[in-house]
Each structure stands twice: as structure tokens, then as C-alpha cells.
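The values are calculated or read from the model by the stated rules, or taken from the named source; none is laboratory data. It should be emphasised that the depicted structure is a prediction, and the values quoted were computed from it without experimental measurement. Glycine also receives a Cβ, built like all others from the backbone with ideal geometry; neighbour counts cover every protein chain displayed. Only protein heavy atoms, including side chains, enter the accessible area calculation; ligands, DNA and RNA are left aside. Shrake-Rupley method; radii C 1.70, N 1.55, O 1.52, S 1.80 Å.
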Amino acid sequence: MNKSFENEMKLEFVSKSSNESFARVTVAAFAAQLDPTVEELADIKTAVSEAVTNCIIHGYENKIGIVKIIAKLRKQELILEISDKGKGIEDIEMAKEPLYTTKPNLERSGMGFTIMESFMDSVEIESIVGLGTKIKMTKKIKSVEEENKEDFTMLTK
Amino acid sequence: METFFDEKNKLLIFRMNEEIDDYKVQEIRRRADNEIQRYMPKRVIFDFDKVSFMDSAGIGLIIGRYKFANLIGGKVELANLTNSVRKIFDMSGILKLIPETEIEQYS
Ligand SMILES: Nc1ncnc2c1ncn2[C@@H]1O[C@H](COP(=O)(O)OP(=O)(O)O)[C@@H](O)[C@H]1O
Ligand SMILES: [Mg+2]
């Protein structure tokens, strides 16, 4: 294992939509070691939910496949890789556009990537048609302690 | 999800009490459309007071019910948006289309 990571975990599960909740709760529990705020935890859960849902409904189109999550903690940062070996994305720039969806019939809103980008510090998409898609996301965690310190400075100003 | 119907005012209230994601939304959608068809309400209120998690599946859910209610002459409204739910709706712009309303929180 790469020494520069303080902690790391890997999770693989079958692409069933009933696993979406399990996936986001597991990543949130792992990230809790960085002492995130309630809001940061909610943001992480949402971004994971979006990425995992995409693997299941777009990548595998509800066929059975494996969704893989690698989560790393480095200093005060969470680094996530969420990937599938499904159909891949033809036009990544288009996919990132708000409201763009290839599945409007499923009542998808096309807001998944927009939410990931706004809730995380960085989002990178790697995809090859026919081979699959990997989403890399990072988020700096302002620890609760730091936040309290800030509140305290504000109080004493 | 609990359903309440006020016959006099033709008001249908859905009190959501689950996590709203792509998995849970399938059942919510089916039940909501059934109830809307059954009661033919003038107003449909989605109450988010007890929602602990919602991702973009919630946006599709509300837009879909908004369209469905319109077909039968009903209007959709949103109540008790929590901070995290509001954050998702804000991003989609649907709060410009669908009004927020005040109803009592329940315990
Ligand atoms: N893992 C994936 N595999 C294949 N296509 C994907 C994947 N993730 C996203 N996409 C494509 O990108 C589009 C936009 O994704 P997103 O912003 O999450 O919106 P939505 O899921 O509501 O369609 C999807 O409609 C789909 O065409
Ligand atoms: Mg999506």
C-alpha cells in the first residue's frame, strides 16, 4: 500500500440499486475519521450516491456488474474513486452539462455531475466506451475542531 | 411515506419519511401516482420534515409528480424543506416553478 496514504479502503458490490444506501453510508463512516461537520458528511453521502447510482443505471443499465469504490484519507482530505466496467460515456463534456440526461424516461434530472462538482472540491471523469467509467473525487475536510476554533475567534473579535 | 387527504379542501399530503434515492424513489413514485389518481386533489403537498437524505432522484420525483398532478388539474407544493434537501432543490431551479408552503411539522 502506498505509504503516503494514512488510511485506505476498498469496497466492491453488485450493481443493485438497493446497495446505494449501503455504499454512501459506508463511505461516510470511513470518512468520519477525519471529523467532518454534519454538512460535509451530507455532501459526501450525496456525491457517493450520485456516482454509484450512475454506475448502476447508466453504466450497467440494471444488468449485473460490480461497482468498485476506493476511498483514501490523506491529511485532511478524502479521495474517492468510484468505477464500473459498464458501457462508458461517449461525450463526457456533454454528460457534465446540467440537465443533460440520456434517461429522461426514468425521471432522471441530469443533475448528478453538477451536484458532485458542487459538493466536492474536484471531480474527474475517465471513461472509455465499452470498457467503463471511473469518477475521481476529492474533498478537503475542515475538522470540527477547526470549525470550533473559527467560531471561537469570531466570538472573541 | 404517509398519506393524508383532506376531502373538503381537496388537499393531499405526502409525509415523506424515508431516504430519497434512486432505489426508494421507485416505490414512492408508484404510491404517489396511485393516490393522486385515486383522490384527484387540487393541491398536493410533499412534506420533507422527516427526510434524512435526498439526492438528485428527488428532483426527478418532484418534477414527475408536478407533471402528473397538472394532468388532473392539481398543483404541487413543497413543505418543511431541510437544509440538505433545499440544497439539492436549489441547484435544480425547481423552487422557481414549484412553491413552498407552510404546514405544521409532526412528531
Ligand atoms: N457510470 C456511467 N456510465 C455510463 N454513462 C454515464 C455514467 N455516469 C453518467 N453517465 C451519463 O452521463 C449522463 C449525465 O449523468 P448525471 O449528471 O448523473 O444525470 P442523470 O443520472 O440524471 O442522467 C447520464 O444520463 C449518462 O448518459
Ligand atoms: Mg446521475
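Looking at region A:1-58 only, could you name the residues that are over 25 Å from A:Gly132 (Cβ atoms), hydroxyl-bearing (Ser, Thr, Tyr) and either within 13 Å of another protein chain (Cβ to nearest Cβ) or surrounded by 13 or more Cβ atoms within 10 Å (Cβ to Cβ) (or both)?
We begin by selecting, within region A:1-58, every residue over 25 Å from A:Gly132 (Cβ atoms); these are A:3-4, A:6-7, A:29, A:32-43.
Now narrow it down to the ones that are hydroxyl-bearing (Ser, Thr, Tyr): A:4, A:37.
Of everything in region A:1-58, just one residue is over 25 Å from A:Gly132 (Cβ atoms), hydroxyl-bearing (Ser, Thr, Tyr) and either within 13 Å of another protein chain (Cβ to nearest Cβ) or surrounded by 13 or more Cβ atoms within 10 Å (Cβ to Cβ) (or both), namely A:Thr37.
On inspection, A:Gly110 fails the criterion of being more than 27 Å from B:Phe89 (Cα to Cα), assigned to a loop (DSSP other than H, G, I, E, B) and open to solvent by less than 30 Å² (accessible area, probe 1.4 Å).
Put simply, of B:Lys67, B:Lys75, B:Lys96 the only residue that is open to solvent by 40 Å² or more (accessible area, probe 1.4 Å) and within 27 Å of A:Met120 (Cβ to Cβ) is B:Lys96. Of A:Ile64, A:Ile92, A:Ile44, A:Ile79, all but one fail to be within 12 Å of ligand 1 (Cβ to nearest atom) and at pLDDT 95 or above; the exception is A:Ile92. Those residues that are surrounded by 16 or more Cβ atoms within 10 Å (Cβ to Cβ), over 12 Å from the mean Cα position of the chain (by Cα) and within 14 Å of chain A (Cβ to nearest Cβ), I need them from region B:19-53; list them, please. Hits for region B:19-53 are B:Glu19, B:Asp21, B:Asp22, B:Tyr23, B:Lys24, B:Phe53.
Scanning region B:1-18 for residues that are open to solvent by less than 60 Å² (accessible area, probe 1.4 Å) and more than 14 Å from the chain's Cα centre (by Cα) gives a single hit, B:Asp6. Report yes if A:Glu20 is under 12 Å from the mean Cα position of the chain (by Cα) and within 15 Å of ligand 2 (Cβ to nearest atom), otherwise no. So A:Glu20 passes the test. Answer yes or no as to whether B:Ile63 is within 14 Å of chain A (Cβ to nearest Cβ) and at negative phi. The answer is yes for B:Ile63.
A:Asp84 - would you say it is within 16 Å of ligand 2 (Cβ to nearest atom), of a type in the set (D, E, K, R) and closer than 22 Å to A:Lys10 by Cα? Explain how you work it out, then say what you get.
Details: within 16 Å of ligand 2 (Cβ to nearest atom): yes; of a type in the set (D, E, K, R): yes; closer than 22 Å to A:Lys10 by Cα: yes.
Considered against the rule, which asks whether it is within 16 Å of ligand 2 (Cβ to nearest atom), of a type in the set (D, E, K, R) and closer than 22 Å to A:Lys10 by Cα, A:Asp84 comes out as yes.
Selection of strands (runs of 3 or more DSSP E) fully inside chain B by the criterion of at least 3 residues being without any contact (Cβ under 8 Å) to a residue 24 or more places away in the chain returns B:2-6.
Scan region A:59-114 for residues that are free of Cβ contacts under 8 Å to residues at least 60 places away in the same chain, within 11 Å of chain B (Cβ to nearest Cβ), out of contact with any Gly (no Cβ under 6 Å at 6 or more places or on another chain) and under 18 Å from B:Asp21 (Cβ atoms) and the total you get is 6.
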